[in-house]
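K.L.:
After the structure tokens below, expect a handful of questions from me.
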Amino acid sequence: MSTQERVLSGFRPSGPLHIGHLVGALQNWVSLQDQYRCFYAICDWHALTSEYAHTEPLRHYVLQMALDWMAVGLDPERSTLFVQSSVKEHAELHLLLSMIVPLGWLERVPTYKEQQLQVKGRDLTNYGFLGYPVLQTADILAYKARWVPVGEDQISHLELSREIARRFNSIYGEVFPEPQPKITRVPRLPGTDGRKMSKSYNNAVYLSDPEGEVRKKILTMVTDPARIRRSDPGNPDVCPVYTLHKAFSSQSTLDTVNLECRRAGIGCIDCKNFLLDHLDPVLAPLRERREAFARSPDRVKQILEAGADRAREVASATLAEVRNAIRI
Ligand code: TRP
Ligand code: SF4
């Protein structure tokens, strides 16, 4: 239905997705599929902005990401799933937008300086990295997307995208709607060591982990550090296992854990098994779908190519308008 409002979002293919991505973004993406015309991009050019010298795993990551996406229920029949670098219009729009974006806007993006300081072992003084939010804006505006489902960490990028759209419209005439974020306000999930779940901390529960692996990770997860013996009462409010319960368990399980942990009525292993009782049914169907797609990688590639064809149709129409507005 061409009258439907469009949604665009994307991920950088930087490794396998974990349960934090599931509750922090993907479940939301899945739920938008019925209401909107959704475009979901695997942003390999964005990966290059920092990983330009480490491209060896990139193609593998792209394919794994497509599997993870379809495993969680992103449906290539209803949503357009594609690889960013297959749709060259993103690059052309990025170039054209780069002409009207003041350097100061980019240098002021909070993530820019932060990442340069935080990311170790990567030289991020390159031109492409500074332009990261311009490329992201091109991703969005190429589809005139109204809605952009992202986590809170992306708010500053989205603000910049709106400013760029406004500046384009004021210079060349009204072409772009201003994209609005659809924020998923889920607190970051903790990993098995209690720090935020992240590939770089080696503490993540991956969507692609076999059941036994998930079990092992949860059963060895850190808990309330003050609860040393089974007879010690615990405090769920400081326990990372409880944070996972809040993301996956039923209210009655939450109530039980809250009560019984505090009076040492249950042990941590009991508690973790309750969590697995809720987590397994979420991950099992996902694992099955993933395996089915993983058996036919050629089909996955076809799906991505068909997605790119559909994306290109929309993006090339936008670019025709853009060139016209610029008189190029
Ligand atoms: N910057 C986003 C992230 O790191 C990924 C991304 C690239 C994106 N292009 C986008 C998100 C366009 C939303 C819209 O998660
Ligand atoms: Fe954490 Fe559960 Fe152990 Fe309490 S019983 S400390 S909530 S793992």
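The values are calculated or read from the model by the stated rules, or taken from the named source; none is laboratory data. It should be emphasised that the depicted structure is a prediction, and the values quoted were computed from it without experimental measurement. Quick reminder, even Gly has a Cβ in these numbers, built from the backbone with ideal geometry, and neighbours come from all protein chains shown. For accessibility, only protein heavy atoms count, side chains too; no ligands or nucleic acids. Shrake-Rupley method; radii C 1.70, N 1.55, O 1.52, S 1.80 Å.
K.L.:
Restricting attention to the stretch 72-101, which residues are within 16 Å of ligand 1 (Cβ to nearest atom) and among the small types (G, A, S)?
P.N.:
Residues satisfying the conditions are S79, S85, S86, A91, S98.
K.L.:
Is there a residue being more than 9 Å from ligand 2 (Cβ to nearest atom) and not in a helix (DSSP H, G or I) anywhere in the stretch 284-299?
P.N.:
yes
K.L.:
Quickly run through the stretch 171-212 and pick out the residues that are exposed (fewer than 14 other Cβ atoms within 10 Å of the Cβ), within 19 Å of D68 (Cβ to Cβ) and in contact with a helix residue (DSSP H, G or I) (Cβ under 7 Å, 6 or more places away or on another chain).
P.N.:
E211
K.L.:
So, one more: Being part of a helix (DSSP H, G or I) and of a type in the set (A, V, I, L, M) is the filter here; which residues of the stretch 91-127 pass it?
P.N.:
A91, L93, L95, L96, L97, L103, L106, L117
K.L.:
Could I ask something else about it? With respect to the numbered conditions (1) within 22 Å of the chain's Cα centre (by Cα); (2) surrounded by 14 or more Cβ atoms within 10 Å (Cβ to Cβ), which one is the sole condition not fulfilled by P236?
P.N.:
For P236, the exception is condition (1).
K.L.:
Only one of (1) open to solvent by less than 30 Å² (accessible area, probe 1.4 Å); (2) within 26 Å of S85 (Cβ to Cβ) fails for L286. Which number is that?
P.N.:
It fails just one condition, (2).
K.L.:
Considering only residues that are over 22 Å from P76 (Cα atoms), acidic (D, E) and within 15 Å of ligand 1 (Cβ to nearest atom), which ones fall in the stretch 35-57?
P.N.:
Hit for the stretch 35-57 is E51, nothing else.
K.L.:
Quick one: in the stretch 128-154, which of the residues that are away from ligand 1 (no atom under 11 Å from the Cβ) and within 24 Å of Q4 (Cα to Cα) is least open to solvent (accessible area, probe 1.4 Å)?
P.N.:
K144
K.L.:
Which ones in the stretch 1-23 are within 14 Å of ligand 1 (Cβ to nearest atom) and open to solvent by 20 Å² or more (accessible area, probe 1.4 Å)?
P.N.:
Result: R6, G10, F11, R12, S14, H21.
K.L.:
Could you tell me which numbered condition T137 fails, if it satisfies all but one of (1) part of a helix (DSSP H, G or I); (2) at positive phi?
P.N.:
Failing condition for T137: (2).
Residues checked against (1) small (G, A, S); (2) within 31 Å of the chain's Cα centre (by Cα); (3) more than 16 Å from ligand 1 (Cβ to nearest atom); (4) not assigned by TED's automatic domain parsing to the domain that holds M221:
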| residue | (1), (2), (3), (4) |
| --- | --- |
| P240 | no, yes, yes, no |
| L244 | no, yes, yes, no |
| T256 | no, no, yes, no |
| L259 | no, no, yes, no |
| G267 | yes, no, yes, no |
| H278 | no, yes, yes, no |
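K.L.:
Still on this structure: Would you mind finding the one in E77, E114, E89 that is charged (D, E, K, R) and crowded, with 20+ Cβ neighbours inside 10 Å?
P.N.:
E89
K.L.:
Might you check whether a residue that is within 14 Å of ligand 2 (Cβ to nearest atom), in a helix (DSSP H, G or I) and in contact with a Leu (Cβ under 9 Å, 6 or more places away or on another chain) occurs anywhere in the stretch 217-227?
P.N.:
Yes.
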